[in-house]
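S.K.: Handing you this structure, nothing more for now.
The values are calculated or read from the model by the stated rules, or taken from the named source; none is laboratory data. Worth saying up front: this structure is predicted, and the values here are computed from it rather than measured. Because the Cβ atoms are built from the backbone with ideal geometry, glycine has one as well, and the counts that use them run over all protein chains shown. These area figures cover heavy atoms from the full protein model, side chains too; ligands, DNA and RNA do not enter into them. Shrake-Rupley method; radii C 1.70, N 1.55, O 1.52, S 1.80 Å.
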Amino acid sequence: MSMKSDEKKVVDFRDEAGLSTRRLDIGLWYVRHRRFFVIIGIAILALTAASTVGYSLYKFSDYIFVGRQQEQQNFLELTSGGSLITNRSNTGNNLSYSDVKILSGINDQSDILAAVTNSNTRSLINFSYYFNVNGEKVGGSNDFIFPGDTKYVMAIGVKLSAPNPTATLVIGNISYSRLDRRAIGDWDQYRSSHINFLIEQAAFVPASDSGLSEKVSLGELTFHITNQSAFGYKNVPLSILLKSGGNIIAINRYQLNDFRSGEARNVRLTWPGKYSGIDQVEITPDLNILDEDVYLKYSSL
C-alpha cells in the first residue's frame with residue numbers, strides 16, 4: 001500500500017459516531033485561531049456601538065441647538081398663518097422675536113401682538129418692550145419668558161394715528177435668572193405641576209348670534225377652568241386668541257383673582273367687534289411661577 005493511499009485513508013477516516021478527520025482538523029484550526037475571531041467580533045461590536053452612540057449624540061445635539069427652535073417656529077407658523085415666526089434677534093442674547101401683527105378692532109382701536117422666544121433652556125428672561133408704530137411708542141410693559149419657551153406680547157385696544165400703520169417690536173432691559181438645579185432639577189415637571197389648569201368648553205359666539213346688544217356688536221366667549229395644581233394664586237393672567245383657519249383674528253386678556261387649588265370657575269366674557277368664522281379659541285395662562293409673590297398663603301378656608 002502506498003504512502004499517499006494511507007494519507008488519504010487517514011484524511012477520509014470517519015469513526016462510528018460520524019466524526020471525521022476533516023472535521024477534527026477544522027476544529028483544531030478554529031481553536032488555534034479563536035482569539036483572532038474573538039478580537040474581530042469585539043472590534044465589530046465596538047464599531048457598531050460607537051457609531052450608534054455617535055449618531056444618537058449627533059441627533060440629540062441637533063435637536064437641542066436647531067430642532068427645538070425649529071419646532072417652536074413651526075408651531076407658530078401653523079397657529080398664526082406663518083406671520084409670527086421668531087426669526088429676529090437682539091445681538092448677544094438668547095431672545096428672538098417675530099414680526100408684528102396689527103389686528104383691526106372697533107371704534108378705530110387696534111390690537112398688536114408679536115411672538116418672543118427664549119432659546120436658553122435653564123434661565124428665565126425678564127425684559128421690557130413696546131411697539132414702534134410709524135415712529136410712535138405704543139403699549140409697552142415689563143414681561144418674562146420661561147426657559148425654552150415662546151409666548152405672545154400684546155397691546156390691546158390702542159388708537160393708531162396712521163391709516164396704514166407698520167410696527168416693530170422694541171425689546172430692552174434684558175436680564176437672566178438662572179434656575180437653581182437643587183430646587184428645580186426637572187424644569188418641565190416643575191412647570192407642569194405648577195401650571196396645571198384644565199380649560200374646557202371654550203366657545204365663542206359672534207355678535208350676530210349672541211343677542212347681547214342690538215346697537216353695539218358684542219360677541220361672547222365662555223369657558224370652564226379648573227385649578228388642578230396644589231397651589232393657590234393671587235392672580236392668574238390669561239392670554240386669549242381667537243383664530244379662524246389657523247390665523248389669529250382677535251386677542252384679549254383676562255385675569256382670575258384668588259384662584260385656589262382645586263377651584264373651578266365658569267367664565268363669561270363679552271367681546272366687542274364683528275367676528276365670524278372663529279373655529280379655535282386658544283387660552284394660555286401667563287403666570288410667573290418662579291415669583292414667590294404670585295402664590296396665595298395657605299389657608300384652611
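S.K.: Against the condition without any contact (Cβ under 8 Å) to a residue 12 or more places away in the chain and over 24 Å from K274 (Cα atoms), how does D180 come out, does it pass?
M.R.: yes
S.K.: Kindly evaluate P237 against the criterion of being open to solvent by less than 40 Å² (accessible area, probe 1.4 Å), over 20 Å from the mean Cα position of the chain (by Cα) and not hydroxyl-bearing (S, T, Y).
M.R.: no
S.K.: If you take the residues of segment 258-271 that are in a loop (DSSP other than H, G, I, E, B) and among the charged types (D, E, K, R), which of them is most open to solvent (accessible area, probe 1.4 Å)?
M.R.: This residue is R260.
S.K.: Moving on. State all residues of segment 240-254 that are open to solvent by 10 Å² or more (accessible area, probe 1.4 Å) and under 18 Å from I145 (Cα atoms); if no residue qualifies, say none.
M.R.: Within segment 240-254, just R253 meets the criteria.
S.K.: Does segment 119-136 include one or more residues that are within 30 Å of S276 (Cα to Cα), out of contact with any Lys or Arg (no Cβ under 7 Å at 6 or more places or on another chain) and free of Cβ contacts under 8 Å to residues at least 24 places away in the same chain?
M.R.: Among the residues of segment 119-136, not one is within 30 Å of S276 (Cα to Cα), out of contact with any Lys or Arg (no Cβ under 7 Å at 6 or more places or on another chain) and free of Cβ contacts under 8 Å to residues at least 24 places away in the same chain, which makes the answer no.
S.K.: Still on this structure, I have one more. Is there a residue being open to solvent by less than 60 Å² (accessible area, probe 1.4 Å), of a type in the set (S, T, Y) and assigned to a loop (DSSP other than H, G, I, E, B) anywhere in segment 201-216?
M.R.: Yes; the residues of segment 201-216 include at least one that is open to solvent by less than 60 Å² (accessible area, probe 1.4 Å), of a type in the set (S, T, Y) and assigned to a loop (DSSP other than H, G, I, E, B).
S.K.: Can you find a residue in segment 272-285 that is open to solvent by 30 Å² or more (accessible area, probe 1.4 Å), at pLDDT 90 or above, over 27 Å from V100 (Cβ atoms) and out of contact with any Cys (no Cβ under 9 Å at 6 or more places or on another chain)?
M.R.: No - not one qualifying residue is present in segment 272-285.
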